[in-house]
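Novice: Quick one: structure below, then a few questions.
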Amino acid sequence: MLTLWHHDLQPYCGVECNQAETLNIKLMNCFKVIQDWMVDFCLQLNPGKTQVMIIGPPGILKEIDIGGIILPGNVCIRFSSNARNLGITVDNRLSFDSHINALKRDCFRLIRNAVKKRFIFSNDQMKLIINSIVVCRIDYCNSLYFGINEKLINQLQLIQNAAAKAVVGLYKHDHLGETLKELHWLPIKFRIQYKLLLLVYKCLNGLGPNYLMSLIRYADFNHSVYLHEPRVFSNYGERSFEKMGPKLWNSLPLELKSCSSIKTFKSALKTHLFNKAFEIQLISLIILILCLYVLNLQHNTY
(Lines give C-alpha, C1' and ligand atoms only; values in the text may rest on other atoms or scores of the structure.)
Protein backbone atom coordinates (compact mmCIF):
# COMPACT_ATOMS: atom_id res chain seq x y z
CA MET A 1 0.00 0.00 0.00
CA LEU A 2 1.36 3.41 -0.95
CA THR A 3 0.26 6.68 0.63
CA LEU A 4 1.23 9.78 -1.35
CA TRP A 5 1.63 13.23 0.18
CA HIS A 6 2.59 16.51 -1.43
CA HIS A 7 6.07 16.45 0.12
CA ASP A 8 7.00 12.81 0.58
CA LEU A 9 6.15 9.17 -0.07
CA GLN A 10 5.11 6.77 2.71
CA PRO A 11 4.96 3.08 1.78
CA TYR A 12 3.55 0.49 4.19
CA CYS A 13 4.48 -3.16 3.75
CA GLY A 14 2.79 -5.87 5.85
CA VAL A 15 4.61 -9.07 6.83
CA GLU A 16 3.29 -12.03 8.82
CA CYS A 17 5.17 -12.92 12.02
CA ASN A 18 6.23 -16.27 10.59
CA GLN A 19 7.60 -14.60 7.44
CA ALA A 20 10.11 -12.28 9.11
CA GLU A 21 12.95 -13.86 7.13
CA THR A 22 11.41 -12.53 3.88
CA LEU A 23 11.32 -8.96 5.22
CA ASN A 24 14.60 -7.93 3.58
CA ILE A 25 13.41 -9.10 0.15
CA LYS A 26 10.07 -7.31 0.51
CA LEU A 27 11.74 -4.08 1.55
CA MET A 28 14.19 -4.25 -1.35
CA ASN A 29 11.31 -4.78 -3.79
CA CYS A 30 9.40 -1.92 -2.17
CA PHE A 31 12.34 0.47 -2.55
CA LYS A 32 12.82 -0.63 -6.16
CA VAL A 33 9.20 0.28 -6.93
CA ILE A 34 9.67 3.67 -5.23
CA GLN A 35 12.87 4.40 -7.14
CA ASP A 36 11.30 3.41 -10.47
CA TRP A 37 8.33 5.69 -9.73
CA MET A 38 10.63 8.59 -8.84
CA VAL A 39 12.72 8.10 -11.99
CA ASP A 40 9.53 8.26 -14.10
CA PHE A 41 8.80 11.70 -12.61
CA CYS A 42 12.41 12.92 -12.76
CA LEU A 43 12.87 12.69 -8.99
CA GLN A 44 15.65 11.24 -6.85
CA LEU A 45 15.48 9.39 -3.54
CA ASN A 46 17.20 11.26 -0.71
CA PRO A 47 18.85 8.63 1.56
CA GLY A 48 19.60 11.23 4.23
CA LYS A 49 15.90 11.92 4.79
CA THR A 50 14.65 8.37 4.24
CA GLN A 51 13.67 6.32 7.29
CA VAL A 52 12.74 2.65 7.57
CA MET A 53 10.91 1.43 10.67
CA ILE A 54 9.69 -2.05 11.55
CA ILE A 55 6.62 -2.02 13.80
CA GLY A 56 5.81 -5.13 15.79
CA PRO A 57 5.81 -6.90 19.18
CA PRO A 58 9.12 -6.68 21.10
CA GLY A 59 9.60 -10.45 20.85
CA ILE A 60 9.42 -10.37 17.06
CA LEU A 61 11.63 -7.29 16.76
CA LYS A 62 14.39 -9.07 18.72
CA GLU A 63 14.45 -11.87 16.14
CA ILE A 64 15.04 -9.48 13.23
CA ASP A 65 18.78 -9.02 12.71
CA ILE A 66 18.61 -6.83 9.59
CA GLY A 67 20.58 -3.63 10.11
CA GLY A 68 19.33 -1.72 7.10
CA ILE A 69 18.61 -1.69 3.38
CA ILE A 70 21.35 -1.56 0.74
CA LEU A 71 20.30 0.50 -2.29
CA PRO A 72 21.95 0.65 -5.70
CA GLY A 73 25.04 2.81 -5.54
CA ASN A 74 26.12 1.15 -2.26
CA VAL A 75 23.87 3.44 -0.19
CA CYS A 76 22.66 2.01 3.13
CA ILE A 77 19.50 3.17 4.91
CA ARG A 78 19.50 2.14 8.56
CA PHE A 79 16.38 1.16 10.49
CA SER A 80 14.93 3.76 12.85
CA SER A 81 13.29 3.07 16.20
CA ASN A 82 10.96 6.05 15.77
CA ALA A 83 9.84 8.48 13.10
CA ARG A 84 7.89 11.71 13.11
CA ASN A 85 4.72 11.73 11.02
CA LEU A 86 2.30 14.70 10.86
CA GLY A 87 3.52 15.95 14.24
CA ILE A 88 3.33 12.56 16.00
CA THR A 89 6.46 10.62 16.94
CA VAL A 90 5.67 6.98 16.18
CA ASP A 91 7.96 4.32 17.68
CA ASN A 92 8.39 0.73 16.52
CA ARG A 93 6.37 -0.64 19.47
CA LEU A 94 3.51 1.88 19.10
CA SER A 95 3.95 2.79 22.77
CA PHE A 96 4.14 6.56 22.07
CA ASP A 97 6.33 6.99 25.16
CA SER A 98 8.88 9.26 23.43
CA HIS A 99 6.09 11.37 21.94
CA ILE A 100 4.22 11.79 25.23
CA ASN A 101 7.42 12.59 27.16
CA ALA A 102 8.28 15.32 24.64
CA LEU A 103 4.68 16.56 24.73
CA LYS A 104 4.77 16.74 28.53
CA ARG A 105 8.00 18.74 28.48
CA ASP A 106 6.65 21.24 25.92
CA CYS A 107 3.26 21.65 27.61
CA PHE A 108 4.71 22.29 31.07
CA ARG A 109 7.03 24.90 29.56
CA LEU A 110 4.04 26.64 27.97
CA ILE A 111 2.05 26.45 31.22
CA ARG A 112 4.93 27.98 33.21
CA ASN A 113 5.19 30.83 30.73
CA ALA A 114 1.42 31.44 30.87
CA VAL A 115 1.32 31.40 34.68
CA LYS A 116 3.93 34.17 34.79
CA LYS A 117 1.37 36.47 33.11
CA ARG A 118 -1.58 35.09 35.09
CA PHE A 119 -2.21 38.37 36.93
CA ILE A 120 -3.03 40.14 33.66
CA PHE A 121 -5.91 37.87 32.60
CA SER A 122 -9.29 36.85 33.97
CA ASN A 123 -10.23 33.17 34.39
CA ASP A 124 -12.14 33.16 31.08
CA GLN A 125 -9.22 34.71 29.22
CA MET A 126 -6.78 32.30 30.85
CA LYS A 127 -9.01 29.36 29.91
CA LEU A 128 -9.00 30.51 26.28
CA ILE A 129 -5.19 30.83 26.29
CA ILE A 130 -4.60 27.43 27.92
CA ASN A 131 -7.07 25.77 25.54
CA SER A 132 -5.28 27.25 22.54
CA ILE A 133 -1.69 26.42 23.53
CA VAL A 134 -1.95 23.33 25.77
CA VAL A 135 -5.26 21.46 25.60
CA CYS A 136 -5.25 21.42 21.80
CA ARG A 137 -1.84 19.70 21.92
CA ILE A 138 -3.19 17.01 24.25
CA ASP A 139 -6.20 16.42 21.99
CA TYR A 140 -4.22 16.29 18.75
CA CYS A 141 -4.46 12.74 17.33
CA ASN A 142 -5.37 11.49 20.82
CA SER A 143 -7.32 8.54 19.40
CA LEU A 144 -3.89 6.91 18.90
CA TYR A 145 -3.47 6.75 22.68
CA PHE A 146 -6.26 4.22 23.22
CA GLY A 147 -4.87 1.14 24.96
CA ILE A 148 -1.39 2.51 25.67
CA ASN A 149 0.36 2.04 29.01
CA GLU A 150 -1.59 3.43 31.96
CA LYS A 151 1.49 5.32 33.17
CA LEU A 152 1.55 7.33 29.96
CA ILE A 153 -2.16 8.13 30.31
CA ASN A 154 -1.37 9.40 33.81
CA GLN A 155 1.37 11.62 32.36
CA LEU A 156 -1.17 13.19 30.02
CA GLN A 157 -3.56 13.63 32.94
CA LEU A 158 -0.83 15.47 34.86
CA ILE A 159 -0.58 17.93 31.97
CA GLN A 160 -4.33 18.52 32.01
CA ASN A 161 -4.36 18.92 35.80
CA ALA A 162 -1.57 21.52 35.61
CA ALA A 163 -3.46 23.33 32.84
CA ALA A 164 -6.63 23.40 34.96
CA LYS A 165 -4.70 24.80 37.95
CA ALA A 166 -3.24 27.51 35.73
CA VAL A 167 -6.71 28.54 34.60
CA VAL A 168 -8.21 28.95 38.09
CA GLY A 169 -5.03 30.26 39.73
CA LEU A 170 -4.12 27.30 41.92
CA TYR A 171 -0.50 26.67 42.88
CA LYS A 172 1.52 23.65 41.83
CA HIS A 173 0.95 21.62 45.02
CA ASP A 174 -2.67 22.72 45.63
CA HIS A 175 -5.33 20.02 45.59
CA LEU A 176 -7.17 19.96 42.25
CA GLY A 177 -10.56 19.12 43.79
CA GLU A 178 -13.42 19.43 41.31
CA THR A 179 -11.67 21.95 39.08
CA LEU A 180 -11.99 19.77 35.97
CA LYS A 181 -15.72 19.41 36.62
CA GLU A 182 -16.12 23.16 37.10
CA LEU A 183 -14.26 23.84 33.85
CA HIS A 184 -16.39 21.15 32.16
CA TRP A 185 -13.27 19.37 30.91
CA LEU A 186 -13.39 15.65 30.27
CA PRO A 187 -10.49 13.68 31.82
CA ILE A 188 -7.93 12.27 29.40
CA LYS A 189 -9.37 8.74 29.17
CA PHE A 190 -12.77 10.06 28.23
CA ARG A 191 -11.37 12.62 25.77
CA ILE A 192 -9.81 9.68 23.91
CA GLN A 193 -13.13 7.80 23.94
CA TYR A 194 -14.92 10.93 22.73
CA LYS A 195 -12.64 11.23 19.70
CA LEU A 196 -13.01 7.54 18.81
CA LEU A 197 -16.79 7.52 19.13
CA LEU A 198 -17.03 10.67 17.03
CA LEU A 199 -15.01 8.92 14.30
CA VAL A 200 -17.35 5.92 14.46
CA TYR A 201 -20.41 8.19 14.14
CA LYS A 202 -18.87 9.89 11.11
CA CYS A 203 -18.09 6.52 9.50
CA LEU A 204 -21.65 5.26 10.02
CA ASN A 205 -23.09 8.41 8.45
CA GLY A 206 -20.76 8.60 5.47
CA LEU A 207 -18.70 11.49 6.86
CA GLY A 208 -15.49 9.61 7.63
CA PRO A 209 -12.53 8.71 5.39
CA ASN A 210 -13.00 5.65 3.18
CA TYR A 211 -10.17 3.68 4.78
CA LEU A 212 -11.95 3.92 8.17
CA MET A 213 -15.49 3.43 6.86
CA SER A 214 -14.39 0.13 5.31
CA LEU A 215 -13.51 -1.16 8.81
CA ILE A 216 -16.96 -0.52 10.30
CA ARG A 217 -20.02 -2.67 9.60
CA TYR A 218 -23.18 -3.61 11.42
CA ALA A 219 -23.46 -6.96 13.17
CA ASP A 220 -25.09 -9.93 11.45
CA PHE A 221 -28.83 -10.66 11.41
CA ASN A 222 -29.70 -7.16 10.10
CA HIS A 223 -28.78 -5.28 13.27
CA SER A 224 -29.00 -1.51 12.89
CA VAL A 225 -27.78 -0.73 16.42
CA TYR A 226 -24.84 -3.01 17.18
CA LEU A 227 -21.60 -3.10 15.22
CA HIS A 228 -19.56 -6.16 14.41
CA GLU A 229 -16.60 -6.71 16.76
CA PRO A 230 -13.87 -8.81 15.08
CA ARG A 231 -11.96 -11.38 17.10
CA VAL A 232 -8.36 -10.37 17.80
CA PHE A 233 -5.49 -12.22 19.43
CA SER A 234 -2.98 -9.53 20.35
CA ASN A 235 -2.68 -6.25 22.19
CA TYR A 236 -2.21 -4.45 18.87
CA GLY A 237 -5.48 -5.95 17.66
CA GLU A 238 -7.28 -4.76 20.79
CA ARG A 239 -6.06 -1.23 20.13
CA SER A 240 -7.08 -1.20 16.46
CA PHE A 241 -9.92 1.04 15.31
CA GLU A 242 -11.65 -1.96 13.77
CA LYS A 243 -11.94 -3.54 17.23
CA MET A 244 -12.15 -0.66 19.72
CA GLY A 245 -14.50 1.51 17.63
CA PRO A 246 -17.40 -1.00 17.56
CA LYS A 247 -16.69 -2.05 21.15
CA LEU A 248 -17.10 1.49 22.47
CA TRP A 249 -20.08 2.17 20.19
CA ASN A 250 -21.95 -0.93 21.36
CA SER A 251 -21.64 0.25 24.97
CA LEU A 252 -23.50 3.52 24.26
CA PRO A 253 -27.19 3.94 25.16
CA LEU A 254 -29.66 3.60 22.28
CA GLU A 255 -30.82 7.23 22.34
CA LEU A 256 -27.22 8.40 21.86
CA LYS A 257 -26.71 6.19 18.81
CA SER A 258 -29.92 7.56 17.27
CA CYS A 259 -28.83 11.22 17.14
CA SER A 260 -29.83 12.71 13.78
CA SER A 261 -27.05 15.29 13.44
CA ILE A 262 -23.38 15.42 14.33
CA LYS A 263 -23.92 18.57 16.42
CA THR A 264 -26.55 16.79 18.53
CA PHE A 265 -24.34 13.72 18.84
CA LYS A 266 -21.33 15.75 20.02
CA SER A 267 -23.36 17.48 22.73
CA ALA A 268 -25.08 14.28 23.92
CA LEU A 269 -21.83 12.28 23.85
CA LYS A 270 -19.94 14.83 25.93
CA THR A 271 -22.76 14.93 28.48
CA HIS A 272 -22.82 11.12 28.66
CA LEU A 273 -19.04 10.81 29.10
CA PHE A 274 -18.95 13.74 31.52
CA ASN A 275 -21.54 12.13 33.80
CA LYS A 276 -19.77 8.78 33.52
CA ALA A 277 -16.33 10.24 34.30
CA PHE A 278 -17.31 12.11 37.45
CA GLU A 279 -19.65 9.38 38.65
CA ILE A 280 -16.65 7.02 38.63
CA GLN A 281 -14.59 9.56 40.57
CA LEU A 282 -17.38 9.90 43.16
CA ILE A 283 -17.63 6.13 43.58
CA SER A 284 -13.83 5.89 43.97
CA LEU A 285 -13.91 8.62 46.62
CA ILE A 286 -16.65 6.83 48.57
CA ILE A 287 -14.70 3.56 48.45
CA LEU A 288 -11.56 5.35 49.66
CA ILE A 289 -13.45 6.92 52.58
CA LEU A 290 -14.93 3.54 53.55
CA CYS A 291 -11.49 1.89 53.43
CA LEU A 292 -10.01 4.61 55.64
CA TYR A 293 -12.94 4.24 58.05
CA VAL A 294 -12.43 0.46 58.29
CA LEU A 295 -8.68 0.87 58.84
CA ASN A 296 -9.36 3.43 61.57
CA LEU A 297 -11.76 1.03 63.31
CA GLN A 298 -9.19 -1.75 63.17
CA HIS A 299 -6.52 0.53 64.57
CA ASN A 300 -8.75 1.59 67.48
CA THR A 301 -9.66 -2.05 68.17
CA TYR A 302 -6.02 -3.05 68.59
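Novice: For the stretch 205-243, how many residues are modelled with pLDDT of 90 or more, open to solvent by 80 Å² or more (accessible area, probe 1.4 Å) and of a type in the set (A, V, I, L, M, F, W, C)?
Specialist: Residues that pass the stated criteria total 1.
Novice: Being basic (Lys, Arg), over 19 Å from the mean Cα position of the chain (by Cα) and surrounded by 15 or more Cβ atoms within 10 Å (Cβ to Cβ) narrows it down to one residue among Lys165, Lys202, Lys195; which is it?
Specialist: Criteria check complete, one pass: Lys165.
Novice: Looking only at the stretch 143-170, which residues are in a helix (DSSP H, G or I) and small (Gly, Ala, Ser)?
Specialist: Passing the criteria: Ser143, Ala162, Ala163, Ala164, Ala166.
For (1) open to solvent by 50 Å² or more (accessible area, probe 1.4 Å); (2) farther than 18 Å from Tyr236 by Cβ; (3) of a type outside the set (D, E, K, R), each residue gets a yes or a no:
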| position | (1), (2), (3) |
| --- | --- |
| Trp37 | yes, yes, yes |
| Phe41 | yes, yes, yes |
| Gly56 | no, no, yes |
| Glu63 | yes, no, no |
| Leu71 | no, yes, yes |
| Ile88 | no, no, yes |
| Asp91 | no, no, no |
| Ser95 | no, no, yes |
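Novice: Moving on. Working carefully through the options Ile138, Ile120, Ile133, find the one that is surrounded by fewer than 17 Cβ atoms within 10 Å (Cβ to Cβ), touching a Leu at 6+ places or on another chain (Cβ under 7 Å) and not aromatic (Phe, Trp, Tyr).
Specialist: From the options Ile138, Ile120, Ile133, the qualifying one is Ile133.
Novice: Related question: I need every pair where a residue in the stretch 57-73 that is closer than 24 Å to Lys32 by Cβ and at pLDDT 75 or above has its Cβ under 9 Å from the Cβ of a residue that is aromatic (Phe, Trp, Tyr) and open to solvent by 40 Å² or more (accessible area, probe 1.4 Å), sequence separation at least 6 or different chains.
Specialist: Partner pairs satisfying both residue conditions: Ile69/Phe79.
Novice: Does the stretch 85-94 include one or more residues that are modelled with pLDDT under 95 and farther than 28 Å from Gln10 by Cβ?
Specialist: Looking for residues that are modelled with pLDDT under 95 and farther than 28 Å from Gln10 by Cβ, one finds none in the stretch 85-94, hence no.
Novice: State whether the residues of the stretch 171-179 include one that is out of contact with any Leu (no Cβ under 7 Å at 6 or more places or on another chain), outside any loop (DSSP other than H, G, I, E, B) and open to solvent by 50 Å² or more (accessible area, probe 1.4 Å).
Specialist: No, the stretch 171-179 has no match at all.
Novice: Additional query: Anything in the stretch 100-116 that is under 14 Å from Val134 (Cβ atoms) and open to solvent by 60 Å² or more (accessible area, probe 1.4 Å)? List them, or say none.
Specialist: Of everything in the stretch 100-116, those that are under 14 Å from Val134 (Cβ atoms) and open to solvent by 60 Å² or more (accessible area, probe 1.4 Å) turn out to be Arg105, Arg109, Arg112, Asn113, Val115.
Novice: Let me ask something else about it. Only one of Leu207, Leu198, Leu252, Leu186 is of a type outside the set (Asp, Glu), closer than 23 Å to Val135 by Cα and not in a helix (DSSP H, G or I); which?
Specialist: Matching residue, one of Leu207, Leu198, Leu252, Leu186: Leu186.
Novice: Another question, if that's okay. Of the numbered conditions (1) touching a Lys or Arg at 6+ places or on another chain (Cβ under 8 Å); (2) open to solvent by less than 70 Å² (accessible area, probe 1.4 Å), Ser80 satisfies every one except a single condition; which is it?
Specialist: (1)
Novice: For the stretch 90-137, how many residues are touching a Cys at 6+ places or on another chain (Cβ under 7 Å) and in contact (Cβ under 8 Å) with a residue 40 or more places away in the chain?
Specialist: Count: 0.
The values are calculated or read from the model by the stated rules, or taken from the named source; none is laboratory data. Quick caveat, the model's predicted, so the values are computed rather than measured. Glycine also receives a Cβ, built like all others from the backbone with ideal geometry; neighbour counts cover every protein chain displayed. With ligands, DNA and RNA removed, areas are computed over all heavy atoms of the protein, side chains included. Shrake-Rupley method; radii C 1.70, N 1.55, O 1.52, S 1.80 Å.
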